[in-house]
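Below is one structure, written out as structure tokens, with a few remarks after it.
Read-outs throughout are calculated quantities, based only on the coordinates presented, and are distinct from any laboratory measurement. Computed from a prediction, not measured in an experiment: that's the story for all the values here. Here the Cβ positions follow ideal geometry from the backbone for every residue, glycine too, while neighbour counts run over all protein chains shown.
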């Protein structure tokens, strides 16, 4: 069975572009906090924190950090997944955002 892929280019206005940038910042902060939590837990207590433990904490996290409520839960779960190290690399993120959302102006 062949799978097809469709790519849609979005041309957001300034308001939407700023919101995308803000959400990207929130994802970056969540990812860095999750990595820090894993490292600290292992160094201080010798216990690894699994993806599932962090995923199960997301509802409580969203109650405390209300700015994350407007982001889809599945998107936050994908941010926490181990092996998603490309989220740290700003240049890669900008290139993906540019490709997906066409943030660069076209003349």
Taking 43, 81 and counting other C-beta atoms within 10 Å, the order from fewest to most: 43, 81
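Among 8, 52, rank each residue by its count of other Cβ atoms within 10 Å, from fewest to most, as a rough exposure measure.
Numbers: 8 7, 52 10.
The order, fewest Cβ neighbours first, is 8, 52.
Note the direction-averaged projected area, equal to a quarter of the hull surface, for the Cα convex hull of region 1-69, in nm².
Details: hull surface 31.5 nm².
The directionally averaged projection comes out at 7.9 nm².
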Footprinting exposure proxy for 21, 36 (fewest neighbouring C-beta atoms within 10 Å first): 36, 21
